[in-house]
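Have a look at the structure below, then the notes.
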Amino acid sequence: MRITRALATAVAFAAVALGVASPAGAEQVMQGVYTYTQGDTVVEWTIYPSCVPTVGDLREELRLPVACRLHVASSSAAVLGGDARPTGGRWMYSTTLKDGFPCPDGSMAPIMESYEFDDVAMTGTRSVMVNDVCGGEVAAHISTYPFTLAFKEPLPIPVQQYPLYCEPGGLKRCF
């Protein structure tokens, strides 16, 4: 009787443990609509993740942010969107804007913008880089601006974070 009761308890605990188990190495990746605040500039960022399971030790797939990209869409041209990749514990992307810097003569010169942010602290830095432009009237320089992110709401449509299926066992083939 005691053995039966102990066995039933063990089976119940195992069932609960399996029911709440997540994929090996799964970590939550940013997704949703966020408020980007940089001084007086307030913009919405819509972030969609897309990830690929990594092979790991060939027995089971690992779901790690290192194999993810965050597709950032901005609601304003004042702050550009792009595809962020994890770099040194932060997410980072760069974009080039052909006509981003106004010259004194009224013409426009190209700039490069770089965004780097921490998905835990919800802070980041935007860097705007300008080369020698405007016929040499403007020297090359980098301007940096700190910003914060705040979660506003979930995505308007559900997103499958890991859209690929990888075959179990052996060398993995994903499709």
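One residue stands out among those in segment 88-113 that are outside any loop (DSSP other than H, G, I, E, B) and without any contact (Cβ under 8 Å) to a residue 12 or more places away in the chain: the one that is nearest to residue 46 (Cα to Cα), which is 99.
All conditions in (1) at pLDDT 90 or above; (2) in contact with a strand residue (DSSP E or B) (Cβ under 6 Å, 6 or more places away or on another chain) hold for residue 108, with the sole exception of (1).
Among the residues making up segment 114-156, those that are over 24 Å from residue 33 (Cα atoms) and either part of a loop (DSSP other than H, G, I, E, B) or in contact (Cβ under 8 Å) with a residue 40 or more places away in the chain (or both) are 131, 132, 134, 135, 136, 137, 139, 140. In segment 82-110, the residue that is nearest to residue 143 (Cα to Cα) out of those that are of a type in the set (A, V, I, L, M, F, W, C) and over 23 Å from the mean Cα position of the chain (by Cα) is 101.
The values are calculated or read from the model by the stated rules, or taken from the named source; none is laboratory data. For clarity, every value in this text was computed on a predicted model and none was experimentally measured. Glycine also receives a Cβ, built like all others from the backbone with ideal geometry; neighbour counts cover every protein chain displayed.
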